[in-house]
Amino acid sequence: MVPPKANEDVLIAEAHAKINLHLEVLGIRDDGFHELAMVMQSINLSDQLRMIKNEDNNITLKTNTNEISNGEDNLIIKAARLLRNKVGNTQLGVDIELVKNIPIGAGLAGGSADAAATLVGLNKLWNLNLEISELEKLSKEIGSDIPFCVSGGRQICFGRGEILERLNLDHFDLGLILVKDPSIQVSTPVAYKKYKEEFGNRYLENDRDFEIKRNIVRSINWSDQSLLDNRKEVQNDLQKVVCPMTPEVEKSLNILSRLPDSRLVSMSGSGPSCFALFENYNQANKVLKEHVNEFERAGLSAWACSMKSNGVQLRNEFT
């Protein structure tokens, strides 16, 4: 049997969420943004973007939720226009259909992942042949987490999050249970503002001190086994200020910490999503199924996830 022919005018891009295995706020940069030292990890919770090449030169977006805008302020539209401007061809058009699965305002970089998927997908759909490194560099213009979401995996991230150093790891076997109270969101700018108010007196003040901190993060063994064996808790500086502001985060962390076989518990990004790490996905999934009623009683959405060694994934839709 002859396989169906791929439709070269249609492409599916899978946009993976991320968690923070580490987040330190070091100080304020010269540009006014916070200098960060992070370790980010892609997970298999993902949005799907269906991209259909059009001939009318328009860039359009439809979504399966009314919680986000379909207009010019959406990062998907911004990313598509940025890419089109980069190559100087305003005749390129696309209709994008977004299936949103990553919760919004959750500290999981859902919007950034969608923008990354747009760049990678349209680079293929429009036959632009840009290197991944070029897409990462371009994406800095619209969001600090987008470069990581383009290539994904497990990486050390400095600056505002856009300076990437890939970790040389063989495999990513850990599983996790991820939870979020669907009734709340946390504003990232508010979280950083609150952190500065409470801990700004501890900020480092020059790049030499920043680099000392960066080297400490570089020196840590970020392999799966080391995470399980040597670290009692993943560090997230923002957790210190988000927990008191958001009781749902503390509730989530308490529930996760009581789960059997959970090894590390932390908030991701600026929250309110929280996660517990397990030795593998099967273990995480088993524990989730055994405690699903507990999560429901607490009003939490919950997912069992595996870790991904890559960022955006593309596939053709067959006609």
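Some notes on this structure:
- Filter pass, A37 being farther than 22 Å from S223 by Cβ, assigned to a strand (DSSP E or B) and out of contact with any Pro (no Cβ under 6 Å at 6 or more places or on another chain): no
- Search result, residues across region 112-148 that are in contact (Cβ under 8 Å) with a residue 24 or more places away in the chain, of a type outside the set (A, V, I, L, M) and within 26 Å of N54 (Cα to Cα): S112, D114, T118, G121, N123, K124, W126, E136, S139, E141
- The one condition from (1) of a type in the set (D, E, K, R); (2) assigned to a helix (DSSP H, G or I); (3) in contact with a strand residue (DSSP E or B) (Cβ under 7 Å, 6 or more places away or on another chain); (4) at pLDDT below 95 that E233 does not meet is (2).
- Residue match in region 239-250 (condition: under 30 Å from N310 (Cβ atoms), in contact with a Cys (Cβ under 7 Å, 6 or more places away or on another chain) and surrounded by 20 or more Cβ atoms within 10 Å (Cβ to Cβ)): yes
- Subset of region 150-168 (residues that are open to solvent by less than 10 Å² (accessible area, probe 1.4 Å) and either part of a helix (DSSP H, G or I) or small (G, A, S) (or both)): V150, G152, G153, G159, G161
- Subset of region 261-283 (residues that are part of a loop (DSSP other than H, G, I, E, B), in contact (Cβ under 8 Å) with a residue 40 or more places away in the chain and open to solvent by 20 Å² or more (accessible area, probe 1.4 Å)): S262, E279, N280
- Filtered residues of region 28-37 (kept if more than 22 Å from the chain's Cα centre (by Cα) and either buried (at least 23 other Cβ atoms within 10 Å of the Cβ) or touching a residue at least 12 places away in the same chain (Cβ under 8 Å) (or both)): I28, R29
- Test: S226 is part of a helix (DSSP H, G or I) and among the polar types (S, T, N, Q): yes
- Region 68-111, subset touching a residue at least 60 places away in the same chain (Cβ under 8 Å) and in a helix (DSSP H, G or I), residue nearest to M267 (Cα to Cα): G110
- Top-ranked residue of region 284-304 - restricted to ones that are in contact with a helix residue (DSSP H, G or I) (Cβ under 7 Å, 6 or more places away or on another chain) and assigned to a strand (DSSP E or B), ranked as surrounded by the most Cβ atoms within 10 Å (Cβ to Cβ): A304
- Selection of region 190-223 for residues being in a helix (DSSP H, G or I), under 22 Å from the mean Cα position of the chain (by Cα) and either small (G, A, S) or at pLDDT below 90 (or both) yields only A191.
The values are calculated or read from the model by the stated rules, or taken from the named source; none is laboratory data. None of the values given here were measured: they were computed from a predicted structure. All Cβ positions, glycine included, derive from the backbone under ideal geometry; neighbour counts span all protein chains shown. Just the protein is used for accessible areas: all its heavy atoms, side chains included, with ligands, DNA and RNA removed. Shrake-Rupley method; radii C 1.70, N 1.55, O 1.52, S 1.80 Å.
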